[in-house]
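The structure appears below as C-alpha cells.
A short reminder: the numbers here are calculations on the coordinates, not readings from a lab. Because the structure is predicted, anything quoted here is derived from the model rather than measured. Every residue, glycine as well, gets a Cβ built from its backbone with ideal geometry; the counts of neighbours run over all protein chains shown.
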Amino acid sequence: MEARGLVKRYGDREALKGVDFAAHPGELVAVIGPNGAGKTTLLSILAGTLRADAGTVESPNGHVGWVPQRASLYRRLTVEENLLLFARLEGVGDPRGVVEEMLGLTGLGERRGEVVARLSGGNQQRVNIAIGLLARPAVLLLDEPSVGLDPRQRARLWEFIAGLAGRGTSVVFSTHDIQEAERYGQRLLVLADGEGLFDGSAAELRETVRGEAPEAAGGDFETAFLSYLQHRGH
Amino acid sequence: MRWLLLKDLTILRRSPLQAVLLVAYPILIALLIGFAISREPGKPRVAFLNEIPPGARVAGGNGKLPAVGVNRRICRQVECVDVGSRGEAERKVRDGDVLAALILPADLIDRLNSLSTLSPETPEVEVLVNEENPLKAQAVDDRITALLARANLFIARQIAQEGGRYLNLVVDGGSFDVLGQAVEILGLRDTASILEALRPDVPAARRPELDRVIRFATLARDNLDVAAPLIDRLAQPIAVDKQTVSAPTPPLEVFAVAVAATLTLTFVVLLLVAGSLALEREEGTFARLTGGLVSRSALLAEKLGLGVAVGLLVTLLMLAGVQLFAGLAWSRFGLWLAAILLGGGAFAAAGAALGAAARDVRSVSLLAFMVSLPVALLSLVPSGAVGATLYDAIRVLTALFPFKPALEAMTAALDSAGPGIGAPLFHLTILIAAYTALARLALRRFAAV
C-alpha cells in the first residue's frame, strides 16, 4: 500500500499536510504521535472511509481490512450473525466457511451465539478485528486496537496480529502506547500536527535522538520519542 | 440489500420493547377505534327531580292546554336518573355520577300559566352542574343548552298549535269546554251569514251600521284564516336549508379509521426509519458499511424499504382489527395498498431525513415525536376554525409534512365519497422525492459529525 501527498482539511484546520506513506507485505507499521497529530485521519483515508482533499492512495486490489478504534458492530446481533452479515456484504465466496475460520482464529468459537452487547470490551475488539479480516485483506488497518484491553488481552491481541503479519498481511496500526509501538512496530511513522516527521525503525529513531540529546536516548523509548518531538517544536 | 434488511428485522426482533410496541400499537388503536365506531354515542346521565305537583296543567285562556310531557321528552334525549330530593341531586352531580341535575321546581306550571296574564313571570328550571375543568364546563353547558332549546321549541309548538285551534274556533265556530261545561262558540263565518240573513228585516236607516258589522265579520274571518300558519311559524321563525358546497364527505367512522391508520403509519414508519438510521451511526457501523460495502444510496433505499414493509404490515394488521367492528370495503384493497405504500414511503423518507440529521437514537425519537404530533394535530384543524392567515400558515406547514396527504389518500382509499385519491398520491410522491433528496444530502456529513 502506498500513499503520496495526502492532505485533509477540516475547515481552516489542516489535519494532514502532504503525508507520504508505504507498507510492504508482511510488515507491521506503527503510526504514533500526540493527540490531534492526524493518526486516525490518515488511517481513515487509507481505509477509504474518508476522502482526502489531495494526494493519492494505491492499495493492492482494493482489499483493505479496516478496524476502527471503536468496535463497529451491531450490539443486538450475535458474534456469528455479525460476522456472517459482513462476510455476505464483502461478497466472499463461502461466507459460512470464512466465519468458521475467523471464529477459530479469534478464539470466539464458543461465544459465537452470544449477543455482542454482552461481550467484554476485549472480546468485542476481537470481533471487530475478525470483521476486518473477513475478506482476507492484503492490508489490515487498525486504529488503536489495544485501547481498553487488559494486559493479558493485549498480549493475545498482539500475538494474533503478529501471526497475521507472519502470513504476509501488511498490518498498519495507530497507538498512543509508545512502548507498544517500539515492541510490535517493525517500522514507525511519526505524525505531529498533520506532518510526517519520521519514517523508520525504533532503533533508527533512537539513533537520531542520540545525536540530538544523548541523555534522552539512553532512557526508555518514550523519553527518546518525547525528546524527538521536542527538538522539532512539538 | 436483503442482508441489511434481514439484519434490521433481526435487530427489531431482538428489541422486545420496540417489537411489542409495533404489534401492540396497531392492536390498541384498532380496539379503541372499533369500540368508538361500533357503539352509538352514550346519552349523558342527568339527575332528574320533578317537584311539580301531580295534576298541574298549563292553562290557556279560559281553558287548559294539554300536558306537554316535557319530562318524558327530556328523558328521551338523556339518561334520566330519578332522584327524590335536591340534596340527592347535588350529591350525584358532585360525585360525578351524573353530568348534571335538572330540577323542575313546583311553581314552574304557575309561572308558565302567568305568561297569559297581565303580570307574567319567567318560568325557570334549575340546572346543577359540576364544572371540574373548562373543557367539562363547556361540554356540560353545550349539552344542557341544547336540551333546553329542544324543550322550549317543543313547548312553543304545542302552545302555537293550541293557539291555532282557538283561532279556528273564533273563525268557524264550535264547542269549547270551560270548567267541564261545553260552551257553543258561534264563529265569525256564521255571524256574518246570520247578519246578512237579518239585513232585509232591519230598517233602512239602521242598515249602514249593520253593513259595517257584516263587513267587519267578513274581513276578520278572511284575515284570521292566514294568522294560524303565522302563529305556527313564530315557534320556529327561521328554518335551516343546509347545502354542502364541498365534495361529499365519507362517513365519520371511515374518517376515524383513516385517521387511526395514518397515525399508525406515521409513528411506526417515522420512528423505525429514523431510529434505524441513527442506530447505524450510534453503533459505528455506518462508516464501515459505506467504506466500500454498500453505497449510501443503497443503505438509504434499504431503510426506506424497511419502513414501508413494516408500515404496510402494521397498518394492514390494524385495518384487519377494525374490520371486526366495522365493515370496510375490501373491494378497494388496491387503493388501500397505494395509499399505504406511498404514505409509508413519504413517512420513511421523512424519517430518513430526520435520522440523518440527528446524532443518536434517543434524540431522533424525541425529534420524530416533536415534529409529527403537532403536525398531525394541525392537519385535523378544519378551515374556518381559526383565522384566515393562521389557517393559510397551517396549510403550508401541513403540506410540507406527509400526514395530511397521507390522511387524504387513506380516506379516499377507504371510501368512494369525497375527493379523489389522485391528488394526495401525487403530493406524497413529491414529498418522497424531496425528503429522499434531503436525507441523501444529510448522509454526506453523517459519519463525519
(Q) Can you tell me how region B:152-194 classifies by the Cα gyration tensor, rounded, prolate or oblate, using a/c under 1.5 as the rounded cut? (A) oblate
Q) Shape of region A:81-136 from its Cα gyration tensor (a ≥ b ≥ c, root eigenvalues): rounded if a/c is under 1.5, otherwise prolate when a/b > b/c, or oblate? A) prolate
Q | Ranking of B:C75, B:C80 by count of other Cβ atoms within 10 Å, fewest first | A | B:C75, B:C80
Q. When DSSP assigns beta bridges and you keep just the ones with both residues in chain B, what percent turn out antiparallel, to the nearest 5?
A. 55
Q: Go through region A:182-197 residue by residue and turn each phi into a ³J(HN,Hα) via Karplus (6.51, -1.76, 1.60, θ = phi - 60°); whole Hz please, and just put x for glycine and proline.
A: 5, 6, 9, x, 6, 9, 10, 10, 9, 10, 8, 6, x, 9, x, 8
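Of A:D53, A:D143, B:D110, how do they rank once you tally other Cβ atoms within 10 Å and put the fewest first? Intermediate results must be reported in sequence, preceding the final value.
On the way: A:D53 13, A:D143 21, B:D110 16.
Final ranking by Cβ density, sparse to dense: A:D53, B:D110, A:D143.
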(Q) Could you tell me which residue out of A:V139, A:G185, A:L157 lies farthest along the dipole of region A:112-211 toward its positive end? Charges go on the beta carbon: Lys and Arg +1, Asp and Glu -1, centred on the Cα centre. (A) A:L157
Q.
Given the options A:L85, A:H234, A:H176, identify the residue whose Cα lies farthest towards the positive end of the charge dipole of chain A (+1 on Cβ of Lys, Arg; -1 on Cβ of Asp, Glu).
A. A:L85
Q) Each residue of region A:99-110 in turn: what ³J(HN,Hα) in whole Hz from Karplus with 6.51, -1.76, 1.60 and θ = phi - 60°, glycine and Pro shown as x? A) 4, 4, 5, 5, 5, x, 5, 8, x, 9, x, 6
(Q) Please list, ordered by chain and number, the residues whose modelled amide H lies under 5 Å from the amide H of A:L188; skip anything fewer than 5 residues away on the same chain. (A) A:A30, A:G200, A:S201, A:A202
Q. Say the dipole of region B:129-211 comes from +1 at the beta carbon of Lys and Arg and -1 at that of Asp and Glu; which of B:F176, B:L148, B:L186 then lies farthest toward its positive end?
A. B:L148
Q. Separation of region A:37-52 and region B:94-158 by C-alpha centroid, Å?
A. 81
Q) What distance in nm separates the simple spin-label points at A:H24 and B:A197, each placed 7 Å from Cα in the Cβ direction? A) 14.7
Q. Counting only Cα, what are the radius of gyration and maximum Cα-Cα distance Dmax of region A:117-230, in Å?
A. 15.8, 51
Q.
Per residue of region B:347-353, what does 6.51 cos²θ - 1.76 cosθ + 1.60 with θ = phi - 60° give for ³J(HN,Hα)? Whole Hz please, x for Gly and Pro, Karplus curve as stated.
A. 5, 5, 5, 5, x, 5, 5
(Q) With the cut-off at 21 Å, tell me which of the pairs B:K43/B:K92; B:K7/B:K404; A:K39/B:K7; B:K242/B:K404; B:K43/B:K136 have Cα atoms farther apart than that. (A) B:K7/B:K404; A:K39/B:K7; B:K242/B:K404
Q. Taking the alpha-carbon set of the protein assembly as shown, what are its Rg and Dmax in Å?
A. 44.2, 162
Q: Divide the volume of the convex hull of the Cα atoms of chain B by its number of residues and quote the answer in cubic angstrom per residue.
A: 231
Q. Counting Lys and Arg as +1 and Asp and Glu as -1, each charge on the Cβ, what is the dipole of chain B about the Cα centre in debye, to the nearest 20?
A. 2060
**Q.** Nonlocal amide H pairs with B:V81, under 5 Å, H built at 1.01 Å
**A.** B:V46, B:A47, B:F48
Q. Under unit Cβ charges (Lys, Arg +1; Asp, Glu -1), what dipole magnitude, rounded to 20 debye, does region A:121-171 have relative to its Cα centre?
A. 200
Q.
Can you tell me what share of the DSSP beta bridges in the protein assembly as shown is antiparallel? A percent to the nearest 5 is fine.
A. 50
**Q.** Rounded to whole Å, sorted largest first: equivalent-ellipsoid semi-axes of region A:78-184, Cα gyration tensor
**A.** 23, 17, 11
Q | Estimated dipole of region B:127-280 in Debye, rounded to 20 [Cβ of Lys and Arg +1, of Asp and Glu -1, Cα centre] | A | 420
Q: Give the distance, in whole Å, between the Cα centre of region B:346-403 and the Cα centre of region A:68-88.
A: 35
Q: Put one equal scatterer on each alpha carbon of region B:299-449, apply the Debye formula with no solvent term, and list log10 I(q)/I(0) at q = 0.09, 0.16 1/Å to two decimals.
A: -0.32, -0.95
Q: Tell me which residues come under 5 Å, amide H to amide H, from A:T169 once H is placed; ignore anything under 5 positions away on its chain.
A: A:G26
Q: For chain A, just say rounded, prolate or oblate: build the C-alpha gyration tensor, square-root its eigenvalues into a ≥ b ≥ c, call rounded for a/c under 1.5, and beyond that prolate if a/b exceeds b/c, oblate if not.
A: prolate
Q: List the extent of the Cα atoms of region B:96-211 along each of their three principal axes, largest first, rounded to whole Å.
A: 81, 28, 24
(Q) If I build a Gaussian network model for chain B, linking alpha-carbon pairs within less than 10 angstrom, which residue out of B:V322, B:V20, B:V268 has the largest mean-square fluctuation? (A) B:V20
Q) When a footprinting reagent is the concern and you count Cβ atoms within 10 Å, what order do A:V209, B:V213 take, fewest first? A) B:V213, A:V209
Q: Given the options A:G211, A:G185, A:G11, state which has the largest fluctuation in a GNM of chain A using a 10 Å cut-off (strictly under) for Cα springs.
A: A:G11
